[in-house]
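Just so it is clear, none of the values below were taken in a lab; they were calculated from the coordinates. Keep in mind it's a predicted model, so treat the numbers as computed, not measured. Every residue, glycine as well, gets a Cβ built from its backbone with ideal geometry; the counts of neighbours run over all protein chains shown.
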Amino acid sequence: MIRSNPVRKLLVVLALLGGTASAQQTHTGQGAVLRALDKISSQTIELEVRSGESVQLGRLQIALGECRYPAGNPSGDAYAALEVSETGHVGTVFSGWMIASAPALNAMEHQRYDIWVMRCITS
């Protein structure tokens, strides 16, 4: 199976949102608000993660590298660098950028949980 490049996807989305990645001014948030769906219980959970830190969700460990957003729009167009690993499994479940305005573009594939970015934490 051929895997697509998540950075390329990010550049395409940013271009579609009204500019190129190099031309769009961004700010770095102090963290991110993520939403998770437990597909078994149908429960949604909001998680706040600070940049450089991680949180536990069941058997998942979710680490946030950073959260960026275009100047003036911290919610709709936020994108976050995440690394998700699972206890008892080698490697990562997900590693890359997730985009708040296009969650399906680079989605995490997991049998129990869906995770997506809601917004950056700006203060």
Formal net charge of residues neighbouring H110 (Cβ-Cβ distance under 13 Å; K, R +1; D, E -1): -1
Taking a label point 7 Å from the Cα of Q111 along the Cα→Cβ vector, which residues of the range 24-65 have an amide N closer than 20 Å to it? 37-43, 57-62
Can you give me the distance in nm between label points at I45 and H27, each placed 7 Å from the Cα along the Cα-to-Cβ direction? 3.0
What are the ³J(HN,Hα) couplings of the range 109-120, residue after residue, when phi is run through the Karplus curve with 6.51, -1.76, 1.60 and θ = phi - 60°? Round to Hz, x for glycine and proline. 9, 9, 5, 10, 10, 10, 9, 8, 7, 9, 6, 8
